[in-house]
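A quick write-up on the structure given underneath.
Derivation of every value follows stated rules applied to the coordinates shown; laboratory data play no part. Quick caveat, the model's predicted, so the values are computed rather than measured. Quick reminder, even Gly has a Cβ in these numbers, built from the backbone with ideal geometry, and neighbours come from all protein chains shown.
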Amino acid sequence: MNANYNIIIVGGGLAGLTSALHLSKNNLSVLVIEKNAYPNHKVCGEYVSNEVLPYLASLNIYPLKHQAKQIDKLILSSKTGAYLQQQLPLGGFGISRYCLDHLLAKKVKETSTIIEETVVKINFEENLFTVITSDGASFSSQYVIGAFGKRSNMDKTLDRDFASKKSPWLAVKAHYKAAFPDDVVALHHFNGGYCGLSKVENNLVNMCYLANYNVFKTHKSIPEFEQKELSKNPFLKEFLHQAIPVFERPLTISQISFETKKPVENHILMAGDSAGLIHPLCGNGMAMAIHSAKILSEIIITFYNSKSIARESLEKEYTQKWNATFKSRLKTASVLQKMFIRPGFLYVGIQTAIRFPGIVPKIIQKTHGKTIHDLNP
Ligand SMILES: Cc1cc2nc3c(=O)[nH]c(=O)nc-3n(C[C@H](O)[C@H](O)[C@H](O)COP(=O)(O)OP(=O)(O)OC[C@H]3O[C@@H](n4cnc5c(N)ncnc54)[C@H](O)[C@@H]3O)c2cc1C
């Protein structure tokens, strides 16, 4: 058995790395185990809500100093080209996951250890966790944070309900050189899905879309799908016509599940997408991952400081706080996604929002949180 840590974090994405920074700042020993080497690209819309900026600053992370683009406008369009442009109530910033995750990982490495390996098993016995990686190494800790994202080998190992269910959603993402405003995040509908466009650092445009596999599979390739389905939307047609791809080929993921998950499973405290994934059209998944890491870290620290070993109370408190903070956002997002992918609904929705512009900020606020300030609750 290898070194004993206070907390082992499985998965070094936004939730895992944020938890590591928060916990180590409070003198807890942390091990992060991440299966991929940093830096790496991830499938993501790469628009982050400003609600997390002050909290990230309290962890000495400043995305705007790394050329993140400040975004305060939203463009929504239906596939026939009906559209609206709206000021965002809080706004956000555009930064690639390549840059943001790497920034956090470098900061974590100043105080904690990150091992680049895949976790294959997590055992819990006599109030102690043993975490085993694919190279056979094992590590022990009092708490384990499951920050392994929306779908991981760990979900199957833990026999989580959603892991055996098929999902029709897949996603495609790539960076492009193209003319696009710095301050806009655009969401364009097409048959079977929707596509986000926004700028990231280095003046590149990130294009990321969610598509239904049943529509996708009627085409032979990604370029054909983009030409025949996405390009029916005049905004996407214009973008794809002028955009020069930077990646050799786009990144893809499939089986994206929006099923309900539990924030605690087999005593593992889940943060970020491992606890629940919000529909991407809300652009709030990353802020939620960071926020859930904050909530969880604060609870763990309180229990450590009070020398309490009442694991059950900790798990109950985290579940309650997670539900109180995020559950209604997930519900609203689920309703919105259903409406958004139905062309008739979207067209009427856009016309209504043009007539009553106050509606859109109210809906956005329902899927976002208030600004998260610092290390304190
Ligand atoms: C198509 C799409 C577009 C999106 N667009 C946006 C957007 O514009 N704005 C927004 O805010 N949110 C967006 N989201 C949501 C956002 O990407 C997620 O909510 C966010 O990445 C969650 O962070 P996380 O840390 O929970 O998971 P991740 O960032 O996925 O991190 C999980 C990590 O765990 C690692 N891992 C998994 N299994 C293991 C294992 N067994 N051992 C070790 N490591 C493991 C993975 O390699 C990964 O690095 C989008 C999501 C999708 C699907």
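A few points about this structure:
- His267, His175 arranged by Cβ crowding within 10 Å, fewest neighbours leading: His267, His175
- Inter-part distance, the stretch 84-136 to the stretch 209-286, computed on C-alpha centroids, equals 20 Å.
- For the chain, the mean residue ellipticity at 222 nm estimated from helices alone is -10500 deg cm²/dmol, where every DSSP H run of n ≥ 4 contributes -39500 (n - 2.57) and the total is divided by all residues, rounded to the nearest 500.
- Calculated FRET efficiency for the pair Ser167/Asn323, C-beta based, R₀ 25 Å, to 0.05: 0.65
- Charge tally around Ile253: other residues with Cβ under 10 Å, Lys/Arg +1 each, Asp/Glu -1 each, net +4.
- The chain, relative contact order in percent, only Cα pairs under 8 angstrom and at least six apart counted: 23 percent
- Efficiency of FRET between Gln67 and Val215 - r from beta-carbon atoms, R0 30 angstrom, step 0.05: 0.25
- As a proxy for reagent exposure, Val32, Val43, Val348 were ordered by neighbouring Cβ count within 10 angstrom, fewest first; the result is Val348, Val43, Val32.
- Note on Lys25: lysines with a C-alpha under 26 Å away, same-chain residues under 8 apart excluded, are Lys35, Lys65, Lys106, Lys107, Lys109, Lys294, Lys307, Lys316, Lys321, Lys370.
- Here's the picture: charge each Lys and Arg Cβ at +1 and each Asp and Glu Cβ at -1 in the stretch 22-102, and of Asn50, Gly91, Ser77 the one pushed furthest to the positive end of that dipole is Ser77.
- Label-to-label distance for Glu248 and Asn127 is 5.2 nm, based on points extended 7 Å past Cα in the beta-carbon direction.
- Note on Gln365 and Gln255: their simple-model spin labels are 4.0 nm apart, each label 7 Å out from Cα toward Cβ.
- Within the stretch 156-261: Cβ-based charge dipole about Cα centre, in debye rounded to nearest 20 (Lys, Arg +1; Asp, Glu -1): 400 debye
- Note on the chain: antiparallel DSSP beta bridges, both residues inside, total approximately 70 percent of the bridges counted.
- Label reach from Val335 (point 7 Å along Cα→C-beta): in the stretch 357-374, amide nitrogens under 19 Å belong to 357-370.
- Thr367, Thr113 arranged by Cβ crowding within 10 Å, fewest neighbours leading: Thr113, Thr367
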